[in-house]
Amino acid sequence: MAALAKQVAHAQAHSAAFAEILKGVDAAAVTSRAALAQLPVTRKGALLERQRAQVARDPFGGFSALVRGPGMTRLYASPGPIYEPEGATRDYWRTGRALYAAGFRAGELVHNAFSYHMTPGAFILESGAHAVGCTVFPAGTGQTEQQLQAMAELRPQAYTGTPSFLRILIEKAAETGADIGSLKKAVVGGEACPPSLTTWFAERGVAVYQTYATADLGLVAYETAARQGLVVEEQVIVEIVRPGTGDPLAEGEVGELVVTSLNPAYPLIRFGTGDLSAVLPGTCPTGRTAPRIKGWMGRADQTTKVRGMFVHPSQVADIARRFPQIRKARLVVSGEMANDRMCLRVESAEAGEPLRELIAAAVRDVTKLRSEVELVAPGSLPNDGKVIEDARSYQ
């Protein structure tokens, strides 16, 4: 928490965007999770909007504390485009810890199949491999036959890349007879890797470990040999908030993953990833004491269009805040095309027609749309992070 207060002050002083976003905030007082929760959430859409508005003079939109030169080794473009800087510090993306947890060791060869084109994915994992002491083969994406030839001849012990491409390589090797038996472990990311796929890899002699990283934040969390969630990286602070708000949820509840980075080069404070996750109780059996998250559980942005009007999770949260009786709310949109129906399902210990009518009026006031309201018992709604459920038929 002492590092957090210093990072907030650093962001105010060295990031033009956060000087504005955190204007009036006493950085020295931000020394607890409760104080952090009072700061605004900055989501990727707002970051992109600032970058687009300022691209002629500052492609980072005022978020980067770096300037071009020796301190900024690379500049990347992710889809959007969103521009990200890379600082000159060793293992800038902090992925060495994740690779070490997966068994990567000095002297080994890593076959890196993340893209080396414009986006930072390949460099994020390459920096960690170098930090551990590995040598990297920059395979990139595509050209399966050439990649298999390189693997058969260079004999890498480890792989980094997407799980789907690793599966393609293994299946193609079995089909063609290419010997890639040297490959024993892998760190994957960029897409979901369900337990069934991890088991599929294990049956073929490859121990696969997941990472959760983004181009903005670097490594956020990583899997260990315990296979019990993902351990949060030590240079970030993770919160789980109700989608559409900045309100923290209790341990175990599914919500949007909000991350504060302690990276001085790119000091993102309460950055909304737009991804769903939940905090697991306790600590990792391997002895690592950082918090753990369940991993990627879907997207938090559930904005949908109903009868030609956009309805946002933040509007559902606004309605719920008006009534202390509401513990949880979920807007269900159903019907067929051109015949949308809304029903706000509300967990409340209090029932009765007067409350239902008041909530229905609030829905009309906030969304400008009519909705049914269903009062249900506390604990009835699913713990899946959904604030808006689109149950319409598109047949």
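The values are calculated or read from the model by the stated rules, or taken from the named source; none is laboratory data. Just so it is clear, the model here is predicted, and its values are computed rather than measured. When we count neighbours, we look across all protein chains shown, and the Cβ atoms used for this are built from the backbone with ideal geometry, even at glycine.
Brief remarks on what is shown
- Ser371 meets the conditions (1) surrounded by fewer than 14 Cβ atoms within 10 Å (Cβ to Cβ); (2) touching a strand residue (DSSP E or B) at 6+ places or on another chain (Cβ under 6 Å) in every case but one. The failed one is (1).
- Residue under evaluation Glu253, criteria (1) over 30 Å from Arg330 (Cβ atoms); (2) touching a residue at least 40 places away in the same chain (Cβ under 8 Å); (3) surrounded by fewer than 18 Cβ atoms within 10 Å (Cβ to Cβ); (4) in contact with a strand residue (DSSP E or B) (Cβ under 8 Å, 6 or more places away or on another chain), criterion not met: (1)
- Members of segment 162-184 that are at pLDDT below 95 and either touching a strand residue (DSSP E or B) at 6+ places or on another chain (Cβ under 8 Å) or within 18 Å of Tyr222 (Cβ to Cβ) (or both): Thr162, Pro163
- Entry remark, segment 70-111: residues being in a helix (DSSP H, G or I) and closer than 16 Å to Ala265 by Cα number 0 in total.
- Pair list, Cβ < 8 Å and 6+ apart or interchain, from segment 368-388 residues that are basic (Lys, Arg) to residues that are modelled with pLDDT of 90 or more: Arg370/Met342; Arg370/Ala360; Arg370/Val363; Arg370/Arg364; Lys386/Arg330
- Evaluated against (1) surrounded by fewer than 18 Cβ atoms within 10 Å (Cβ to Cβ); (2) touching a residue at least 12 places away in the same chain (Cβ under 8 Å); (3) out of contact with any Ser or Thr (no Cβ under 8 Å at 6 or more places or on another chain), Lys305 falls short on exactly one condition, (2).
- Residue that is nearest to Ser115 (Cα to Cα) [pool: residues in segment 173-208 that are of a type in the set (A, V, I, L, M, F, W, C) and under 22 Å from the mean Cα position of the chain (by Cα)]: Val188
For (1) among the polar types (S, T, N, Q); (2) modelled with pLDDT of 95 or more, each residue gets a yes or a no:
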{"site": "Thr273", "(1), (2)": "yes, no"}
{"site": "Pro291", "(1), (2)": "no, yes"}
{"site": "Ser314", "(1), (2)": "yes, no"}
{"site": "Leu344", "(1), (2)": "no, yes"}
{"site": "Lys368", "(1), (2)": "no, no"}
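- Filtered by the rule that a residue be closer than 30 Å to Thr273 by Cβ, hydroxyl-bearing (Ser, Thr, Tyr) and assigned to a helix (DSSP H, G or I), segment 148-184 gives a lone residue, Ser164.
- The combined condition, being among the β-branched types (Val, Ile, Thr) and not in a helix (DSSP H, G or I), is not fulfilled by Val363.
- Search result, residues across segment 185-224 that are assigned to a loop (DSSP other than H, G, I, E, B), farther than 21 Å from His111 by Cβ and either of a type outside the set (A, V, I, L, M, F, W, C) or at pLDDT 95 or above (or both): Pro194, Asp216, Leu217, Thr224
- Only one entry in Gly335, Gly298, Gly352 is within 30 Å of Ala225 (Cβ to Cβ) and surrounded by fewer than 16 Cβ atoms within 10 Å (Cβ to Cβ), namely Gly298.
- Close pairs from segment 86-105: first of a type in the set (Phe, Trp, Tyr), partner assigned to a loop (DSSP other than H, G, I, E, B), Cβ under 6 Å, at least 6 apart: Phe104/Cys134
- Among the residues here, His130 does not qualify as buried (at least 19 other Cβ atoms within 10 Å of the Cβ) and either part of a loop (DSSP other than H, G, I, E, B) or of a type outside the set (A, V, I, L, M, F, W, C) (or both).
Listed here are the residues, each with its yes/no results for (1) surrounded by fewer than 14 Cβ atoms within 10 Å (Cβ to Cβ); (2) modelled with pLDDT under 95; (3) farther than 24 Å from Tyr116 by Cα.
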{"position": "Ala46", "(1), (2), (3)": "no, yes, yes"}
{"position": "Ala56", "(1), (2), (3)": "yes, yes, yes"}
{"position": "Gly62", "(1), (2), (3)": "no, no, yes"}
{"position": "Tyr76", "(1), (2), (3)": "no, no, no"}
{"position": "Gly80", "(1), (2), (3)": "yes, yes, no"}
{"position": "Glu84", "(1), (2), (3)": "no, no, no"}
{"position": "Asp91", "(1), (2), (3)": "no, no, no"}
{"position": "Ala98", "(1), (2), (3)": "no, no, no"}
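- Just so you know, in segment 293-312 the residues that are closer than 30 Å to Glu233 by Cβ and assigned to a strand (DSSP E or B) include one that is modelled with the highest pLDDT, and it is Ile293.
- All of Lys172, Lys185 fail the test of being in contact (Cβ under 8 Å) with a residue 12 or more places away in the chain, surrounded by fewer than 16 Cβ atoms within 10 Å (Cβ to Cβ) and of a type in the set (Lys, Arg), apart from Lys172.
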